[in-house]
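Derivation of every value follows stated rules applied to the coordinates shown; laboratory data play no part. No experiment lies behind these values; they were computed from the predicted model shown. Quick reminder, even Gly has a Cβ in these numbers, built from the backbone with ideal geometry, and neighbours come from all protein chains shown.
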Amino acid sequence: MSARTQHPYENLTPERVLDALASVGLQGDGRLMALSSYENRVYQVGLEEGQAQGAMVVIKFYRPDRWSDAQIEEEHALAAELVAAEVPMIAPLRLKGQTLARYEGFAFSVSPWRGGRRPELEDADVLEWIGRFLARIHQVGRRRPFVHRPALDIASFGRASRSLLLEGDHLPLDVASSWQAACDEALQVAGALWQQSGVTQALRLHGDCHPGNILWTPAGADGAGPHFVDLDDARTGPAIQDLWMLLAGERAQRQWQLSALLEGYEQMGELDRRELRLIEVLRTLRLIHYSAWLAQRWHDPIFPINFPWFGSRDYWQGQVDLLIEQTEAMQEPALVA
């Protein structure tokens, strides 16, 4: 079966997007812009004048068969809890009594549109501000567990991803054995370090808190500061998962960024410092999981267009080299702050 006939998003025409919006009582004015999203399909839509939601909303169509309705509703419930706690999270609107709607086979939600730019992670004040709100997100996340959403751990992000890639015959034959050896060693080191860290507490996380999921409004503007978006990858896991993706550069730079984040974080809450030992472990798991994610989504026509290098020998040899580097990085002394 071809990729075209396999994938349901081919039926998500602009007309269907507007009809889905109308099905929950919102009338689009014809302005429609696709936003950057590979996992789902997300559109910024202009509304006709006089609607309570304002001039613009964002409609998100969930990838079929990825999350169950119960898992999506847990995401929405966490977003609503955060808003109630005055954390600047962009949460789905409740329309016709619900936040999750369906139209012609698609599950979707509608959120307010919010402007902003990526945060300046070279600014200590910005990092401290983000750190305070991450602590507040985690305060809410600790109140109760997820029931339906999975955990982020060695099994789910590491071993399951490894199995999917090897069993699905996604690797070139001349690189497969070296990738498997590098992956196995990385997972062995990661598992040992996780166990040695003694970290046992897990909480509801944002899960994918990279700079692209934080909208920054400069000081002096209405609603200044960070606004968090996209809980699509919310899972249960260690708190440090929501901090480490904001660290970049050489070790000294990452050390400085971590110190600034924790300066803000620990004004509002406490981080178990043992979790710092998991930063490179979590980076390694994300590296393996990313390859598995690309492999799982390859039947979606947008993936071969945007990731044409995936599956090449050069890609997989690069992954071997990265896994070897990460195995070494995991065994270096942890960052301190």
Exercise. Beta carbons within 10 angstrom, averaged per residue: use that to sort the peptides 236-242, 125-131, 191-197, highest first.
Key: 236-242, 125-131, 191-197
Quiz prompt | Amide H within-cut-off set for HIS170, under 5 Å, with H built and near neighbours excluded | solution = none
Exercise. Could you work out how far the C-alpha centroid of segment 154-213 sits from that of segment 40-92, in angstrom?
Key: 30
Practice problem: Return the calculated 222 nm mean residue ellipticity for the chain, to the nearest 500 deg cm²/dmol, obtained by summing -39500 (n - 2.57) across DSSP H runs with n ≥ 4 and dividing by the residue count. | Solution: -13500 deg cm²/dmol
Quiz item: What's the exposure ranking of ARG63, ARG274, going from fewest to most Cβ atoms within 10 Å?
Solution: ARG274, ARG63
Practice problem: Starting from the amide H of ALA234, placed 1.01 Å from N in the peptide plane, find each other amide H under 5 Å away whose residue is 5 or more places distant or on another chain. | Solution: none
Quiz item: What does the charge add up to near ASN40, with Lys and Arg as +1, Asp and Glu as -1, over the other residues with Cβ less than 14 Å from its Cβ?
Solution: -3
Practice problem: Arrange the following residues from fewest to most other Cβ atoms within 10 Å of their Cβ: GLU266, GLU74, GLU167. | Solution: GLU167, GLU266, GLU74
Quiz item: In a shell of Cβ-Cβ distance under 15 Å around ARG31, excluding ARG31 itself, what net charge do Lys and Arg (+1) and Asp and Glu (-1) give?
Solution: -4
Quiz item: Using the membrane-span-like helix rule (whole DSSP H runs, Cα extent along the own axis of at least 18 Å, mean Kyte-Doolittle hydropathy at least -0.5), which helices of the chain qualify?
Solution: 69-84, 124-141, 173-197, 279-296
Exercise. Quote the relative contact order of segment 55-145 in percent (integer), defining contacts as alpha-carbon pairs under 8 Å separated by 6+ residues.
Key: 33
Quiz item: What is the chain by shape, rounded, prolate or oblate, if you read a ≥ b ≥ c off the alpha carbon gyration tensor as root eigenvalues and call it rounded for a/c under 1.5, prolate for a/b larger than b/c, and oblate otherwise?
Solution: oblate
Self-check item: Charge dipole (the chain, unit charges on Cβ, about Cα centre) - positive-most of SER178, GLY50, GLN296
Solution: GLY50
Quiz item: Which order do peptides 149-156, 98-105 fall in by mean Cβ count within 10 Å, highest first?
Solution: 149-156, 98-105
